[in-house]
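J.: Supplied in structure tokens, the structure appears directly below.
The values are calculated or read from the model by the stated rules, or taken from the named source; none is laboratory data. Remember, predicted model here, so these are calculated numbers, not experimental data. Cβ sites come from the backbone with ideal geometry, for glycine too, and all protein chains shown count toward neighbours. Keep in mind that these areas ignore ligands, DNA and RNA; they rest on the heavy atoms of the full protein, side chains included. Shrake-Rupley method; radii C 1.70, N 1.55, O 1.52, S 1.80 Å.
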Amino acid sequence: MAGHNRLGLWGEQVAREHLLAQGYAIAGENTKVAGVEIDFIAFKDDRICFVEVKTRSTDFVDPLEAVDMRKRSRLVKAADTYMRSMSIPLEPQFDIILVIGTPETTHTIEHIPDAFLPTINNR
């Protein structure tokens, strides 16, 4: 397995532990919907949360820039498909978690709940 894949898997494990500690109930991990992989699908309070995890070995990335508009759009479409297929009447929330570090070093977690709003496409 390539080093960046190992780093990503480790980052998702760190993010999972963080979500559970924050009171999220995880319903799915690495769930494929409409050709898009959603890192975590979770419930918190009265919302369904779609969580994108980014892992970096060094601190040089703004988490909001790490998830570009194309990725956000694809995530929103996949979330909509998921919610419709499961008949989930909750308000969606899109979170970003940035894990900075490596398994061999200390790490930090930056969690941005409700990081962005779904965009409306009138095409």
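J.: Take the solvent-accessible surface of the protein heavy atoms, probe 1.4 Å, and return the percent of it on the chain that carbon and sulfur atoms account for.
T.: The computed percentage sits at 50.
J.: Considering the dipole of the chain built from charges on the beta carbon (Lys and Arg +1, Asp and Glu -1) around the Cα centre, which of Phe94, Thr81, Ala25 is farthest to its positive end?
T.: The listed residue farthest towards the positive side: Thr81.
J.: Sticking with this structure for a sec: Which of Gly35, Gly23, Gly101 moves the most in a Gaussian network model of the chain with Cα springs under 10 Å?
T.: Maximum among the listed residues: Gly35.
J.: When all protein chains stay in place, what accessible area (Å², nearest 10, 1.4 Å probe) is found for Glu52?
T.: 10 Å²
J.: Moving to a separate point now. I want to verify a result. In a Gaussian network model of the chain, Cα cutoff 10 Å, which of these has the top mean-square fluctuation: Gln22, Gln93, Gln13?
T.: Gln22
J.: Compute the Cα gyration tensor for the chain, then decide on rounded, prolate or oblate, letting a ≥ b ≥ c be the square roots of its eigenvalues: rounded whenever a/c is under 1.5, prolate when a/b is larger than b/c in the other cases, and oblate in all that remain.
T.: prolate
J.: Quote the relative contact order of the chain in percent (integer), defining contacts as alpha-carbon pairs under 8 Å separated by 6+ residues.
T.: Computed over the chain, the figure is 24 percent.
J.: At 1.4 Å probe radius, can you tell me the per residue accessible area of the chain in Å²? Could the numbers behind the result be given before it?
T.: On the way: 7260 Å² over 123 residues.
Spelled out: the 1.4 Å probe surface of the chain, per residue, equals 59 Å².
J.: Another question about this same structure. Ranked from the most accessible area to the least, with a 1.4 Å probe and all protein chains present, what is the order of Ile48, Ile26?
T.: Ile26, Ile48
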